[in-house]
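This report refers to the structure that appears directly beneath it.
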Amino acid sequence: MFQSFDAPTSPEQGPPRIAALRKLLATRGIDGFIVPRADVHQGEYVADHDARLAWLTGFTGSAGFAIILPEIAGVFIDGRYRVQVKAQVALDSFTPVPWPETKPGDWIRTNLSRGRVAYDPWLHSRDEIDRITTALAGSEVTLEPTDNLVDAIWSDQPAPPLGRIDVQPEALAGETSAEKRARLAAALKEAGQKAAILTLADSISWLLNIRGHDIPRNPVVHALAILRDDGQLRLFVDDRKLDADLRKHLGPEISVEPPDAFAAALDSLEGPVRVDRASAPKAVSDRLAAAGVEIVWAPDPCILPKARKNPAEIAGTAEAHLRDGAAMCAFLAWLDAEAPKGTLTEIAVVSALEGFRRATNALRDISFDTICGAGPNGAIVHYRVTEGTDRPVKTGELLLVDSGGQYVDGTTDITRTVAVGQVGEPEKLAFTRVLQGMVAISRARWPRGLAGRDLDTLARMPLWLAGQDYDHGTGHGVGAFLCVHEGPQRISRISEVPLEPGMILSNEPGYYREGAFGIRTENLLAVVEAPPIPDGDDRAMLSFRTLTWVPIDRRLILRDMLSPEERFWIDAYHAEVLERIGERVSPETLDWLRRATAPL
C-alpha cells in the first residue's frame with residue numbers, strides 16, 4: 001500500500017513540546033516563534049524532516065501555520081481544516097484561528113503588547129514576512145530572523161530525504177531540458193536579468209525533465225538552482241541522488257553542487273538577479289542584498305510555462321485519465337456490489353481502490369492520501385482515515401471518495417460521492433446543486449484574459465440560491481506527473497491569473513453539513529480554444545475540455561431540478577464515458593457501466 005492508516009501525531013504530544021519551545025524562547029529572550037507548514041521549497045507536501053508544524057502541534061493539514069506566544073499558541077487553518085484541527089490538537093494548549101480571515105500580524109498585535117517574534121528566514125517568503133512586518137508597524141513588537149527553534153528541540157528529527165532522481169522521457173515531456181532552458185534564458189536576457197533563482201521543487205523538476213522520490217505523492221526533486229541568461233544552470237542537490245544515466249541526461253551545461261554551497265553561491269552572482277518574492281525563501285534575498293547584488297522581483301520563470309501544458313503533456317494526461325477512469329469504474333462497480341452488505345469500512349474502501357489502480361501496472365504512487373469519508377466524515381473536507389477513525393460504510397448514508405493516481409504520463413484527481421442504499425431528500429437536493437455547479441464550469445465559455453475568479457461564481461450560484469456554499473476553492477491547477485496541486489492557475493475567488501490554453505484545473509464544487517454528510521463532485525479539465533459558434537463569436541474565446549471519464553451517481557440526481565441544457569450535458573457526458581471506458585473494462589464492469597451511464 002502507498003497509503004498507510006496510522007495516525008502520525010496525537011494531541012497529547014503537543015503540550016510538552018510547546019513547553020520545551022517556550023523554555024527555549026525564554027532562554028533566547030524571544031517572545032514568539034512562527035512555525036510554518038512549508039519547507040525551503042514552499043511545498044504543500046513536506047518530508048518527515050520538515051514536518052515541524054505537525055510535530056509541534058499535531059495538526060497534519062497541507063496548509064496552515066502556528067504562532068507560539070507566551071500565553072497563547074494559535075494554529076491558523078483555512079476552511080478545509082476547521083473540523084480536522086479540533087480533533088488533532090490539544091485544545092487546552094492550542095487555539096485554532098480562522099485564516100485567512102484573521103491575519104497573522106493583526107493576531108500578534110492583539111495577543112502581544114510588546115516583544116520579539118522570531119522566524120526562520122529559509123521557511124518564509126519575502127511576501128509573507130513583509131505582510132506581517134507591515135501589520136506590526138507602529139506597535140512595540142518586532143519581527144526578526146533566527147535559526148530554526150523547532151529543530152533545536154526536536155531531538156529525533158528525521159534526516160533530509162535522499163530519494164533517487166529519474167529522467168522524464170522527452171516523448172512525455174514534449175520538449176528537451178536544453179530547449180526549455182534556452183527559452184527561459186532568452187527571456188531573462190531580453191529582460192536584462194543575468195540569472196534567476198529557482199527554489200520550487202516542481203519548477204526545477206519540470207525544467208530539467210527529472211522526477212524524484214523525496215516526498216510521497218508528488219514526484220519532485222528537492223533541489224535548488226540558479227539559471228543563467230546563457231542557459232547554463234547550477235543545480236544544488238545531494239549527489240547521492242544521481243546515477244550515471246542521470247548525469248548524462250543533465251549534460252555539461254548543468255553543474256551539480258552540494259546543497260550547502262547554495263547560500264555562498266548567491267554572494268558571487270552578478271545582478272540583476274530575478275527572485276520570486278512569493279515563493280523564494282526570504283533568506284535568499286537577504287543574502288543577495290548583503291552581497292550588494294541587484295534584485296529584480298519577478299515570478300519564478302518556470303511557473304507559467306509549466307502551467308501551459310504542451311500537446312505531448314496533454315496527450316499523456318488524457319491517456320492517464322482513461323487508464324485511471326477504467327480503474328475507477330471497476331472500483332465503483334465493486335463498491336456498488338459490496339457496500340450494501342454492510343461489511344465495509346473506510347479503510348477497506350481505500351485499500352480496494354488502490355488495488356484497482358495498482359492492477360493497471362502503471363501506478364507510480366497515489367497523488368494524495370485518498371479522502372474517504374462515510375456519513376459525517378464526508379463533511380471533513382480533507383479527511384484522512386486512520387485505524388482510530390475508521391468508520392463503517394452504512395446504508396442510508398453518503399460516501400465521499402476523493403482520490404488520484406500518479407502515472408508517468410499524467411496525474412489524476414477525481415471525486416465521486418455515492419449513495420449507499422436509500423438516502424434522504426436533503427442529500428439529493430444538495431448533490432444536485434453541487435452537480436449543477438460542476439456542469440456550469442464544464443460548459444463555460446469565456447473571453448481570453450479572464451481569470452479563475454471570474455468563473456468561480458458559476459459553480460456556487462446553485463448553492464447560493466439555496467443559502468449554501470463551500471469553504472474551499474472550486475478548482476486548483478494540476479501538474480503533468482508532478483504536483484497534484486499546481487499554481488498559478490486556480491478557479492477561486494482570489495485567483496487573478498488569466499486562464500490560458502494548456503492549463504489543467506480541477507472542477508470540484510461541494511457542500512458539507514458538519515456531523516451529517518459531505519458532497520463533492522470533481523473532474524479535471526484542460527483549457528482549450530473554444531470551438532466557434534456560427535454567427536456568434538466576435539472575439540477569441542476559451543473553454544474546457546473534460547479529461548475525467550467516470551459516471552456520476554444517477555441515484556442522487558433530482559432530474560426535475562435540472563434545466564434541459566444540464567440534462568443534455570449529463571447524458572452526453574455519460575454516453576462518452578461508456579464509449580471511452582467501455583472497451584477498457586471487464587464484462588462484469590461493463591454491465592455496471594451501462595446501467596450507470598443510462599440517460600436521465
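The values are calculated or read from the model by the stated rules, or taken from the named source; none is laboratory data. Please read all numbers here as calculations on a predicted model, not as lab measurements. Methodologically, a virtual Cβ is constructed for each residue, glycine included, from the backbone with ideal geometry; neighbour enumeration extends over all protein chains shown. Surface areas here come from the heavy atoms of the whole protein model, side chains and all, with no ligands, DNA or RNA. Shrake-Rupley method; radii C 1.70, N 1.55, O 1.52, S 1.80 Å.
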Filter result for Glu144 (assigned to a strand (DSSP E or B), surrounded by fewer than 20 Cβ atoms within 10 Å (Cβ to Cβ) and among the charged types (D, E, K, R)): yes
Return the only residue of Asp245, Asp276, Asp260 being of a type in the set (D, E, K, R), farther than 24 Å from Phe2 by Cβ and over 30 Å from the mean Cα position of the chain (by Cα). Asp245
Neighbours by Cβ (under 8 Å, 6+ apart or cross-chain): first from the stretch 546-573, over 16 Å from Ile441 (Cα atoms); second among the small types (Gly, Ala, Ser) and exposed (fewer than 14 other Cβ atoms within 10 Å of the Cβ): Arg554/Ala598
Looking only at the stretch 166-202, filter to residues that are in a helix (DSSP H, G or I) and among the acidic types (Asp, Glu); which one of those is nearest to Val273 (Cα to Cα)? Glu190
For the stretch 91-112, which residues satisfy the criterion of being part of a loop (DSSP other than H, G, I, E, B) and buried (at least 17 other Cβ atoms within 10 Å of the Cβ)? Ser93, Phe94, Trp99, Leu112
Out of Asp365, Asp413, Asp369, I need the residue that is buried (at least 17 other Cβ atoms within 10 Å of the Cβ), within 28 Å of Trp569 (Cα to Cα) and among the acidic types (Asp, Glu). Which one? Asp413
Out of (1) open to solvent by 60 Å² or more (accessible area, probe 1.4 Å); (2) at pLDDT below 95, the one Arg513 does not meet is (2)
What strands (runs of 3 or more DSSP E), lying completely within the stretch 203-256, carry at least 3 residues that are of a type in the set (A, V, I, L, M, F, W, C)? 224-228, 233-236
Can you name the residue in the stretch 147-167 that is aliphatic (A, V, I, L, M) and touching a strand residue (DSSP E or B) at 6+ places or on another chain (Cβ under 7 Å) and is also most open to solvent (accessible area, probe 1.4 Å) among such residues? Val167
Scan of the stretch 247-305 for residues that are within 25 Å of Ala480 (Cα to Cα), open to solvent by less than 40 Å² (accessible area, probe 1.4 Å) and of a type in the set (Gly, Ala, Ser), ordered by number: Gly251, Ser279, Ala280, Ala298
Would you check if there is a residue in the stretch 431-447 being within 30 Å of Lys341 (Cα to Cα), of a type outside the set (A, V, I, L, M, F, W, C) and open to solvent by less than 40 Å² (accessible area, probe 1.4 Å)? yes
Evaluate the following for Thr386: is it at pLDDT 95 or above and of a type in the set (Ser, Thr, Tyr)? no
All strands (runs of 3 or more DSSP E) inside the stretch 279-377 with 3 or more residues being under 23 Å from the mean Cα position of the chain (by Cα): 363-366, 371-374
Collect the residues in the stretch 420-430 that are of a type in the set (A, V, I, L, M, F, W, C) and either under 24 Å from Pro564 (Cα atoms) or open to solvent by less than 10 Å² (accessible area, probe 1.4 Å) (or both), keeping them in residue-number order. Val420, Leu429, Ala430
For the stretch 481-508, how many residues are more than 11 Å from the chain's Cα centre (by Cα), crowded, with 24+ Cβ neighbours inside 10 Å and more than 18 Å from Arg445 (Cα to Cα)? 1
Among the listed residues Gly477, Gly467, Gly487, Gly449, identify the single one that is of a type outside the set (A, V, I, L, M), over 21 Å from Ile570 (Cα atoms), without any contact (Cβ under 8 Å) to a residue 40 or more places away in the chain and assigned by the TED database to the domain that holds Leu525. Gly467
Could you give every pair whose Cβ atoms fall below 8 Å, whose first residue belongs to the stretch 80-101 and is under 17 Å from Arg17 (Cα atoms), and whose second residue is of a type in the set (S, T, N, Q) and assigned to a loop (DSSP other than H, G, I, E, B), counting only separations of at least 6 or pairs across chains? Gln88/Thr9; Gln88/Thr60
So, in the stretch 564-600, how many residues would count as being of a type in the set (Gly, Ala, Ser) and outside any helix (DSSP H, G or I)? 2
Report yes if Ala19 is open to solvent by 10 Å² or more (accessible area, probe 1.4 Å), out of contact with any Gly (no Cβ under 9 Å at 6 or more places or on another chain) and under 23 Å from Thr389 (Cβ atoms), otherwise no. no
Within the stretch 30-82, which strands (runs of 3 or more DSSP E) (wholly inside it) include 3 or more residues that are open to solvent by less than 10 Å² (accessible area, probe 1.4 Å) and farther than 20 Å from Arg126 by Cα? 73-77
Scope the stretch 516-563; condition part of a strand (DSSP E or B) and of a type in the set (S, T, N, Q); matching residues: Asn523, Ser543, Thr546
